[in-house]
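Beneath this line is the structure, given in structure tokens, with notes to follow.
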Amino acid sequence: MATSIEVAAAANHEKQSLGGFDFHIMDKAKIQWYHLKAVVITGMGFFTDAYDLFCISLVTKLLGRIYYHQEASSKPGSLPPNVAAAVNGVALCGTLAGQLFFGWLGDKLGRKRVYGITLMLMVFSSIGSALSFGSSPEAVMATLCFFRFWLGFGIGGDYPLSATIMAEYSAKTTRGTFIAAVFAMQGFGILAGGAVAVFISHVFQKLFPAKPYSVDPVGSTPAEADYVWRIILLLGALPAVLTYYWRLRLPETPRYTALVAKDQQKACQDMSKVLNVEIQIDTKNNTIITEERNDSSFGLFSSQFLKQHGKHLLGTAAAWFFVDVAYYSQNLFQKDIFSAVGWLPAAKTMSALDELFKISRAQFLIALCGTVPGYWFTVALIDRIGRFKIQAVGFFFMSAFMFALALPYNHWIAARNHAWFVVIYGLTFFFANFGPNATTFIVPAEIFPARFRSTCHGISAAAGKAGAVVGAFGFLYAAQSQDKTKTDARYPAGIGMKNSLIVLGVINLFGLIFTFLVPESKGKSLEEMSRENEDQEQPNFDSSTRV
């Protein structure tokens, strides 16, 4: 039998009761089956996001060999600098745009109404990316970049919507754990990308064996290799397709329905489904409170908003920006880092598929040993330790390990020290994910008012993707050797790998500084963090109505 709970909307009701709706019930709720189901449904979106965003870094070397082979060259073909920057970065540009657009749309139309759109964009764009054809290499790359942009646009929508949905349905004592669990699926997406690429490349190696480039420059890249990268990109659509039906069945969050859409009866129905209780509203009292309250007392970026939340928005956006500069630089170009220190053999000593296999294996091992454990340490400890401590400690150790790699760089490139380089490099991923890469996703969903929550999360996430774009484009050029004779084909001389790692370490220190602008939200309700209770208890009046 369902329990009957009457939500009385008296003026002296406890703080979680806003406009006749008692969110105290949700904040104190025990873990329900719905919570676990929602983690899987929203988390599979992030599994797909990570797979799609990071699998491109695995196949760029292969794309260079297939489409940009140069006769009589001593090195295998590689993507020209502008093409490499576009292929790696265009999805991030799309993600930035999608985070802003869908974050705003989620506050205007509701989280549920636009949630399925993002997934279908990801499905169609993944398929389109795999089917990128053209009469010239430039046409193929242009088509690929077109679909990668829209893929990123859909992925961008997942960030604010998933975080907001999970935050608004969770109890305050487990909210961090659930949001972190959603985001932690990103680790499995990165892991799956490496595993799929390892498997596909291994199968094609067996079916179509080829000699190294130094032995047979043309034959080292079999014609069938063109199918390999397409299959890897195509499989990114599969988890999104499998999740679409269940995503459409998610109910709207009661906080949005009650506070923004003003449909409290529907909010009660949705909350009843989640908590397995029957909730009724004292409509007589609700009318009184609704007339007295003023939900739209201030708008986004108004002076009142900037006074209450401006510092917090700056903190969440800046911290996300700095962590993504470092994180995406490491993730998208770890193959270049491994090659620079000698962990991967010289490209000319491998065939195209052998190179893909070894790059993918390296990414898989880093994800397995560093990336995934970091995410799940956050899941286990965030509601015990708190967001601030995890983020601050994460930034600190990311910097420390970056400097540990960079300052004695010549020590690490010696063959006998490669293993320790990889261990320390893996620790930078561990503390990124048991640190700011996770917390910057969680906190913006907790500290802003319901009517701005999705938008502010989208703004913070977009700042992060701006950092990712800086990392993707900047590291590509900066990490080139200072010796022009040792750079990749058609690249100008850069500042070198050592100096690039130092720059990333400094960037993490900037992230640590901005962490101090972000409040701790552990154990507090969303209304307490967003100060919506103050809006209700002390409504603002225009000067024309002030007595």
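The values are calculated or read from the model by the stated rules, or taken from the named source; none is laboratory data. It should be emphasised that the depicted structure is a prediction, and the values quoted were computed from it without experimental measurement. Ideal geometry is used to build each Cβ from the backbone, glycine not excepted, and the neighbour counts take in all protein chains shown. Calculation scope for accessible area: heavy atoms of the full protein, side chains included, ligands and nucleic acids excluded. Shrake-Rupley method; radii C 1.70, N 1.55, O 1.52, S 1.80 Å.
Scan the range 152-191 residue by residue and report those that are part of a helix (DSSP H, G or I), among the polar types (S, T, N, Q) and closer than 19 Å to Ile385 by Cβ.
Thr177
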Residues Gly394, Gly315: which one is open to solvent by less than 10 Å² (accessible area, probe 1.4 Å), closer than 26 Å to Asp49 by Cβ and in contact with a Pro (Cβ under 8 Å, 6 or more places away or on another chain)?
Gly394
Enumerate the pairs (first residue in the range 299-310 and modelled with pLDDT under 90; second residue anywhere and of a type in the set (Val, Ile, Thr)) with beta-carbon separation below 9 Å, excluding pairs fewer than 6 apart on the same chain, so at least 6 apart or on different chains.
Leu300/Thr455
Among the residues of the range 381-391, what is the count of those that are of a type in the set (Lys, Arg) and open to solvent by 60 Å² or more (accessible area, probe 1.4 Å)?
2
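Please work out if Ala223 is among the hydrophobic types (A, V, I, L, M, F, W, C), open to solvent by 30 Å² or more (accessible area, probe 1.4 Å) and not in a helix (DSSP H, G or I). Please lay out each step first, then the result.
Working: among the hydrophobic types (A, V, I, L, M, F, W, C): yes; open to solvent by 30 Å² or more (accessible area, probe 1.4 Å): yes; not in a helix (DSSP H, G or I): yes.
Judged against the criteria, Ala223 is a match.
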When you look at Ala367, is it touching a Pro at 6+ places or on another chain (Cβ under 8 Å) and open to solvent by less than 10 Å² (accessible area, probe 1.4 Å), yes or no?
no
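Could you check the range 330-364 and list, in sequence order, the residues that are in a loop (DSSP other than H, G, I, E, B) and closer than 29 Å to Phe183 by Cβ? Walk me through it before giving the result.
Keep residues of the range 330-364 that are in a loop (DSSP other than H, G, I, E, B), which gives 333, 342-346, 350-351.
Within the range 330-364, Phe333, Trp343 qualify.
Per-residue answers, yes or no, for (1) open to solvent by 10 Å² or more (accessible area, probe 1.4 Å); (2) at pLDDT 85 or above; (3) of a type outside the set (D, E, K, R); (4) closer than 17 Å to Phe146 by Cα:
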{"residue": "His24", "(1), (2), (3), (4)": "yes, no, yes, no"}
{"residue": "Phe46", "(1), (2), (3), (4)": "no, yes, yes, no"}
{"residue": "Cys55", "(1), (2), (3), (4)": "no, yes, yes, yes"}
{"residue": "Ser74", "(1), (2), (3), (4)": "yes, yes, yes, no"}
{"residue": "Val83", "(1), (2), (3), (4)": "yes, yes, yes, yes"}
So which residues in the range 401-440 are surrounded by fewer than 24 Cβ atoms within 10 Å (Cβ to Cβ), among the small types (Gly, Ala, Ser) and in contact with a helix residue (DSSP H, G or I) (Cβ under 8 Å, 6 or more places away or on another chain)?
Ala404, Ala406, Gly426
Can you pull out the residues in the range 468-492 that are in a loop (DSSP other than H, G, I, E, B) and touching an Asp or Glu at 6+ places or on another chain (Cβ under 7 Å)?
Ala479, Gln480
Check on Ala210, under 30 Å from Leu526 (Cβ atoms), open to solvent by 10 Å² or more (accessible area, probe 1.4 Å), not basic (Lys, Arg) and not in a helix (DSSP H, G or I):
no
Considering Ala380, Ala404, Ala367, Ala419, which residue is in a helix (DSSP H, G or I) and under 17 Å from the mean Cα position of the chain (by Cα)?
Ala367
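Regarding Ser454, is this residue at pLDDT 90 or above, among the polar types (S, T, N, Q) and part of a loop (DSSP other than H, G, I, E, B)?
No; evaluated as a whole, the condition is false for this residue.
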Residue list for the range 61-83, restricted to those being in contact with a Phe, Trp or Tyr (Cβ under 9 Å, 6 or more places away or on another chain) and within 17 Å of Gly474 (Cα to Cα):
Leu79, Pro80, Pro81, Val83
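Of all residues in the range 441-467, how many are open to solvent by less than 10 Å² (accessible area, probe 1.4 Å) and β-branched (Val, Ile, Thr)?
Just the residues of the range 441-467 that are open to solvent by less than 10 Å² (accessible area, probe 1.4 Å), to begin with: 441-450, 453-454, 456-458, 460-462, 464-465, 467.
Next cut, β-branched (Val, Ile, Thr) only: 442-443, 447.
The total comes to 3.
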Can you find a residue that is open to solvent by less than 10 Å² (accessible area, probe 1.4 Å), farther than 30 Å from Pro217 by Cβ and in contact with a Pro (Cβ under 7 Å, 6 or more places away or on another chain) anywhere in the range 319-328?
yes
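Is at least one residue of the range 269-281 closer than 30 Å to Val59 by Cβ, assigned to a helix (DSSP H, G or I) and at pLDDT 75 or above?
No: the range 269-281 contains no residue that is closer than 30 Å to Val59 by Cβ, assigned to a helix (DSSP H, G or I) and at pLDDT 75 or above.
Can you tell me which residue in the range 116-142 is farthest from Thr48 (Cα to Cα), limited to those that are polar (S, T, N, Q) and touching a residue at least 12 places away in the same chain (Cβ under 8 Å)? Don't jump to the end; show me each part of the working.
Our first condition is that a residue be polar (S, T, N, Q); within the range 116-142, this holds for 118, 125-126, 129, 132, 135-136.
Retained after the next criterion (residues that are touching a residue at least 12 places away in the same chain (Cβ under 8 Å)): 118, 125-126, 129, 132.
Values: Thr118: 11, Ser125: 12, Ser126: 10, Ser129: 14, Ser132: 20 Å.
My answer is Ser132.
So how many residues does the range 238-253 have that are assigned to a helix (DSSP H, G or I) and either surrounded by fewer than 20 Cβ atoms within 10 Å (Cβ to Cβ) or of a type in the set (Phe, Trp, Tyr) (or both)? Spell out the reasoning first.
The first filter runs over the range 238-253 and keeps only residues assigned to a helix (DSSP H, G or I), leaving 238-248.
After this cut, where a residue has to be either surrounded by fewer than 20 Cβ atoms within 10 Å (Cβ to Cβ) or of a type in the set (Phe, Trp, Tyr) (or both) as well, the list is 238, 241-242, 244-246, 248.
Total meeting the criteria: 7.
Taking the stated definitions as given, is Ala195 open to solvent by 10 Å² or more (accessible area, probe 1.4 Å) and in contact (Cβ under 8 Å) with a residue 60 or more places away in the chain? Give the derivation first.
Numbers: open to solvent by 10 Å² or more (accessible area, probe 1.4 Å): yes; in contact (Cβ under 8 Å) with a residue 60 or more places away in the chain: yes.
The answer is yes for Ala195.
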Does Arg65 qualify as being of a type in the set (D, E, K, R), open to solvent by less than 30 Å² (accessible area, probe 1.4 Å), at pLDDT 90 or above and closer than 15 Å to Asp226 by Cα?
yes
Of all residues in the range 479-490, which are open to solvent by less than 30 Å² (accessible area, probe 1.4 Å) and aliphatic (A, V, I, L, M)?
Ala479
